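I have placed the structure first, in the form of structure tokens, so that the comments after it can refer back to it.
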Amino acid sequence: MRVVLSGYYGFDNVGDEAILYAIIHSLKEYNPNIEIMVLSNKPEKTAQTYRVQAVNRWSLKEVRAAIKSSDGLISGGGSLLQDKTGRKSIPYYAGVMKMAQQLKKPVFVYAQGMGPIDSKINQMIVKHVLNSVELLTVRDQQSKQLLEKIGVAAPIQLVPDPVMGIDAESFQSSWLSQQDFQGRVITVSVRDWENDDFAFQEIARGLDQLAAKGREIVFVPMHGKHDFKTSQKVVELMETNAYVAPHDSTIQEKMAIIKESDVLFGMRLHALIFAAVGYTPFVALSYDPKIDSFAGIVNQPVLGHVESKDWNATGLVHAIEKILSNYPDELEKVRKEVKPLQVSANDTARAVIDSVKLSAGVRLSQS
């Protein structure tokens, strides 16, 4: 069996790389002999890191050849079908799916977060392509509602984010082991934002107040040098000491740092997911509905929206100290919400593999 994986892979974004890692792990767990070809921005690095085959996602010839020689295309996970971050995302990812459909290959949408899709043309593109997929799974109720609103009639299944299926218990960080933290550790995940002056000043003020209470502040850059630069920007606004973990550490190391912390304050979705997988309570700062959705799924608080002014440093401190003051109960609450998701996260891979086998059987019987 041979499948092609399409997603935001090879861009050094830890969240998307964690999705790739999780999907590959789940597929191989159910079918150790499966052959996986990844469409990547850095195919050589992807192939070496995950021990899979990979081709240049920008080469039409290579992408077409990979899909043609496969038994099906997996699109996802992540937020691929949206027009918030650029005009090219939907044409690219929908185009890859359409290519597979034209080559008579089954398409499987794997635990994606959908939207926003503001353009009417993009809505039509997504509706047209998704109505012809073999399996359509999304990671939150809002995504399902959006697809139904724009006219997607294909059955839509709700499933956990693939990263929820990662077992992080044994993960360790060499950087973390070298630190000598004396108090409670607050990990922080921030990302750049156009109108971030208010937000970053309030974050810095709140972290200063937490540091004054003896809390250790550790920034975890999730998107390589991009988030490292943003983390440094917030640190420079602070008056107290803070740490920034290495931006080039592995997925496992970053998961370990967050897992070993007491609370995460985060903007990046997969920082929140890393926290959940490690049973670490978190407080989210939203910039996108996907943040609110996931926080709701695991019953964790959202402080506010990065651009709104209905939150401040005092609220940040209060939210985190509230968790720390009732810590055993907060840990139990996280475990209660997360464990069922961990159990079912790998079921999506099983559904894909079973569908590939069924589709292959149908094609053989028709030939």
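General observations
- If the condition is being buried (at least 23 other Cβ atoms within 10 Å of the Cβ) and either more than 18 Å from VAL63 (Cβ to Cβ) or among the hydroxyl-bearing types (Ser, Thr, Tyr) (or both), then segment 27-45 contributes LEU27, SER40.
- Counting only strands (runs of 3 or more DSSP E) that sit completely within segment 254-311, those holding 1 or more residues that are open to solvent by 10 Å² or more (accessible area, probe 1.4 Å) and of a type outside the set (Gly, Ala, Ser) correspond to 302-305.
- Matching helices (runs of 4 or more DSSP H) fully within segment 1-83 where at least 2 residues are in contact (Cβ under 8 Å) with a residue 40 or more places away in the chain: 14-30, 60-68
- The residue pairs whose first member lies in segment 175-197 and is assigned by the TED database to the domain that holds LEU237, whose second member is among the basic types (Lys, Arg), and whose beta carbons are closer than 6 Å, counting only pairs six or more residues apart or on different chains, are GLY183/ARG215; ARG184/ARG215; ILE186/ARG215; SER189/ARG268; ARG191/ARG268.
- Segment 193-223 - residue that is farther than 20 Å from TRP311 by Cβ and open to solvent by less than 10 Å² (accessible area, probe 1.4 Å) and, of those, farthest from the chain's Cα centre (by Cα): VAL218
- Number of the exception - SER170 against (1) closer than 30 Å to LEU20 by Cα; (2) open to solvent by 30 Å² or more (accessible area, probe 1.4 Å); (3) in a helix (DSSP H, G or I): (3)
- Residues of segment 88-122 that turn out to be more than 18 Å from ASP161 (Cβ to Cβ), out of contact with any Asp or Glu (no Cβ under 9 Å at 6 or more places or on another chain) and in contact (Cβ under 8 Å) with a residue 24 or more places away in the chain, as a count: 10
- Evaluation of LYS322 against (1) within 23 Å of LEU146 (Cβ to Cβ); (2) open to solvent by 20 Å² or more (accessible area, probe 1.4 Å) (one fails), failing number: (1)
- Residues that are open to solvent by 100 Å² or more (accessible area, probe 1.4 Å) and at pLDDT 85 or above were ranked within segment 332-367; the one that is farthest from ASN299 (Cα to Cα) is LYS357.
- Here LEU147 does not qualify as in contact (Cβ under 8 Å) with a residue 40 or more places away in the chain, crowded, with 18+ Cβ neighbours inside 10 Å and assigned to a helix (DSSP H, G or I).
- Any hit, segment 97-110, residues being modelled with pLDDT of 95 or more, part of a helix (DSSP H, G or I), open to solvent by less than 20 Å² (accessible area, probe 1.4 Å) and polar (S, T, N, Q): no
- Evaluation of ASN241 against (1) in contact with a helix residue (DSSP H, G or I) (Cβ under 6 Å, 6 or more places away or on another chain); (2) open to solvent by 10 Å² or more (accessible area, probe 1.4 Å) (one fails), failing number: (1)
- Residue pairs meeting the criteria (Cβ under 8 Å; at least 6 apart or on separate chains; first without any contact (Cβ under 8 Å) to a residue 40 or more places away in the chain, in segment 228-249; second part of a loop (DSSP other than H, G, I, E, B)): PHE228/PRO221; PHE228/HIS247; LYS229/ASP192; VAL235/ALA242; VAL244/PRO221; HIS247/PRO221
- Of all residues in segment 10-30, one or more are among the aromatic types (Phe, Trp, Tyr) and at pLDDT 95 or above.
The values are calculated or read from the model by the stated rules, or taken from the named source; none is laboratory data. From a predicted model like this one, the values you see are computed outputs, not experimental measurements. Cβ sites come from the backbone with ideal geometry, for glycine too, and all protein chains shown count toward neighbours. SASA here: full protein model, heavy atoms, side chains in, ligands and nucleic acids out. Shrake-Rupley method; radii C 1.70, N 1.55, O 1.52, S 1.80 Å.
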